[in-house]
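The values are calculated or read from the model by the stated rules, or taken from the named source; none is laboratory data. As the structure is a prediction and not an experimental result, all values here were calculated from the model. All Cβ positions, glycine included, derive from the backbone under ideal geometry; neighbour counts span all protein chains shown.
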Amino acid sequence: MTNSNSSNTQINAFREQILNAAKTNTPLSIEGGGTKGWYGNPNQFEKLDTRSYAGILEYQPEELVITACAGTPLKEIEAALKEKNQVLAFEPPHFGEQATFGGAIAAGLAGPGRISVGNFRDFVLGARILDGKGQDLAFGGKVMKNVAGYDVSRLLPGSMGTLSLLLEASVKVLPKPAATATLRCQISQEGALKVLNEWAGQPLPLSASCWIGNDKDADGELTIRLAGAAAAVKAATPLMSALVNAHEISAETAETFWNDLREQRLSSFNNLGADQTLYRLALPAACGPLTIPNSSNDVVLEWHGQQRWIKAAGDETTFTSIKKLANSHGGHATRFRQGANVNPSFERFTLLSEQAHSKALEAVQARLRSAFDPAGVFATKRLP
C-alpha cells in the first residue's frame, strides 16, 4: 500500500508530465505493465508509466468492494480476493504476468464469465483521475448505493487511456461460486447457438460457454460452465448433459480450459498467419452462424455466440466486408490481433459513423473528450 507522502509525490509527478505535454502539444500514451500494448491502434508517443503508483488502498470483503491504485499488479488484487474466497467475476484477461489493475480497466476486456455477470464497467463504483489539465477529480464512491457520478466512472473501462489518467478505482467483487461443473459435447454451430439461447432464457446456473469448430464442418466442441449454489449445479448437470449428450470434465481440466480461453492460449488462437488478422465480432444473441469472407476454418464462439473470434485475411477489403456483415446483424467488428505482414496503420475498430444508430454518439464522444482533455494530452488515437 502506498503512503500519503509518496502518493502525493507521485501524483504531482504525473501532473507535471501532463502539464508539460499540454504545453508542448505532445500526447501521452498511458502504460502499465505493457501486456496489452498491441491492442488498439498503434502509437509512438511519450509513455506515462503508472506502475510507480501501486497498492491496494482498501479492501472490504464484507462490503464486496476493493479499491486500488492503477499500477497495482492484477495478480496481486486477485490473490488478495482469493484469500477471502472472492473474485473479479467478469474474469478480465491478463495477457501477461505484468498486467495492472489500471490497464485492465482501460482495456475494458472481460473473460468467459462476462455473459452471466456483466462487463467490467458494470462493476466500477468509483474512480479518481487526473484530467488533461492536471486536475485531481473523483467520481462515484465505494458502495453500490452511492450513485453520485456513477456513470462518469463507467466511462473509463474500455477508454484505452484516451480520456484521462486513472489513478485509483473501486470495483465490486463477488463471492466465489459455491460449486461449478463443466460439461462438454459435440454439436454443430447452429445447434450450439440454438440450445445456448434456450438455456439462457431458463433459470439454469449457466455461467459461461464456448464453441470451437470449423464453420464448414457439421460438428464442433461445445464447452459450458455451470456455477452457483451447490444444489442448483447438482440438479442442472444431469439435465443439461442429457439434452446434448454431454459429459462432465474434471475440475482441473476445466480450470485450465477456461483460463486458456480467457488468455487466448487455446490452439484456435495460435498460428495466426503473417497476412491474417484475428477479428472479434460482437453480435446480438439472436444472430445465427455467419459466413466470413476470406476466413480460415477456425471459429471460436463465446458468450453464447455474442462474442466470436475469426481468423481471416488482414486486408482492408476483407475488414470492410466483415464490418458490414456484423453491422447488418446489429453488431460490430474489431481487428484484435494482426499478423506480421498486415499494415500496422490500418484502423483496428469499427468507427461510430459506420455503426447503425451510433452516429449521434460521435458528438457525445467529442464533447466528453473536450471536457476531460481540452488540450488533447491523451489524444493518441489508440481508440478512434
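Before moving on, here are some points about what is shown:
- Members of region 49-67 found to be among the small types (Gly, Ala, Ser) and closer than 22 Å to Leu28 by Cβ, listed by number: Ser52, Ala54
- Residue check, Gln44 farther than 30 Å from Ala200 by Cα, surrounded by fewer than 14 Cβ atoms within 10 Å (Cβ to Cβ) and of a type outside the set (Phe, Trp, Tyr): yes
- For the residues Arg382, Arg369, the requirement of being outside the structural domain of Leu272 (by TED's automatic domain parsing), touching a residue at least 24 places away in the same chain (Cβ under 8 Å), charged (D, E, K, R) and not in a loop (DSSP other than H, G, I, E, B) singles out Arg369.
- Entry remark, region 90-117: residues being within 12 Å of the chain's Cα centre (by Cα) and under 21 Å from Ala285 (Cα atoms) number 10 in total.
- Given (1) at pLDDT below 95; (2) among the β-branched types (Val, Ile, Thr); (3) exposed (fewer than 14 other Cβ atoms within 10 Å of the Cβ), number of the condition Thr317 does not satisfy: (1)
- Thr223 being closer than 21 Å to Gly113 by Cβ, β-branched (Val, Ile, Thr) and touching a Lys or Arg at 6+ places or on another chain (Cβ under 7 Å): yes
- Taken over region 127-137, residues that are assigned to a loop (DSSP other than H, G, I, E, B), surrounded by fewer than 24 Cβ atoms within 10 Å (Cβ to Cβ) and in contact (Cβ under 8 Å) with a residue 24 or more places away in the chain amount to 3.
- Residue count for region 66-104, restricted to those that are under 13 Å from Lys172 (Cα atoms) and either modelled with pLDDT under 95 or buried (at least 24 other Cβ atoms within 10 Å of the Cβ) (or both): 3.
- Any hit, region 336-349, residues being under 18 Å from Leu301 (Cα atoms) and either over 22 Å from the mean Cα position of the chain (by Cα) or not aromatic (Phe, Trp, Tyr) (or both): yes
- Looking only at residues of region 363-384 that are surrounded by 14 or more Cβ atoms within 10 Å (Cβ to Cβ) and at pLDDT below 90, we find that the one that is nearest to Phe319 (Cα to Cα) is Pro384.
- Among the residues making up region 333-362, those that are surrounded by 13 or more Cβ atoms within 10 Å (Cβ to Cβ) and of a type in the set (Lys, Arg) are Arg335, Arg337, Arg348.
- Boolean, Gly330 is surrounded by fewer than 18 Cβ atoms within 10 Å (Cβ to Cβ) and more than 30 Å from Gln17 (Cα to Cα): yes
- Residue within region 236-253 that is out of contact with any Lys or Arg (no Cβ under 8 Å at 6 or more places or on another chain), surrounded by 13 or more Cβ atoms within 10 Å (Cβ to Cβ), β-branched (Val, Ile, Thr) and more than 23 Å from Pro93 (Cα to Cα) present: yes
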